[in-house]
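The structure under discussion appears below in the form of structure tokens.
The values are calculated or read from the model by the stated rules, or taken from the named source; none is laboratory data. The model shown is predicted, which means the values in this text are computed figures rather than measured ones. Here Cβ is always computed from backbone atoms with ideal geometry, including for glycine, and neighbour counts include all displayed protein chains.
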Amino acid sequence: METELNQDAVTTVREFFTAMEIGAIGEALELVHPDIVWKNTSLPDVRGARRVGKLLRGLDREQFGFSARMHHIAADGAVVLTDRTDILRFGPVRIEFWVMGTFELVDGRIILWHDHFSWENFLRGTAVGLVKAVLGR
């Protein structure tokens with residue numbers, strides 16, 4: 001039973017990322033609990049599915065893009081840990097940075113999305129992305 005619960009939690013988190021990557025924000029939001037809390041290193045918490053949805057929809061525009069390369073994903077019951085590289089695209093600029101994420105699920109839906117990342121790594125990724133955009137990769 002434990003293995004099944006782990007696999008269901010991992011599948012939910014993978015589907016959440018896939019939906020965000022293809023711009024299916026409505027589908028991604030179906031996987032979050034109404035009381036979700038989205039935490040990012042040193043940024044204010046975003047509380048509630050409506051607010052999280054508003055932010056995700058703001059990134060779902062032609063000039064913006066999101067993807068993630070999942071390096072490792074593991075679950076212990078309803079808690080999923082991700083080790084990944086997130087890629088944010090702003091026009092021709094691609095910012096790649098490492099993220100460690102913790103996801104907690106309740107009733108099969110994500111109630112906590114807590115991302116940990118290094119601002120230094122984010123700024124380095126921004127600088128590299130800007131240089132590549134200017135030099136044409």
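Brief remarks on what is shown
- Single residue of Glu104, Glu120 found to be at pLDDT 95 or above and acidic (Asp, Glu): Glu104
- Consider the stretch 10-52 and keep the residues that are touching a residue at least 24 places away in the same chain (Cβ under 8 Å) and small (Gly, Ala, Ser). The one that is nearest to Gly77 (Cα to Cα) is Ala28.
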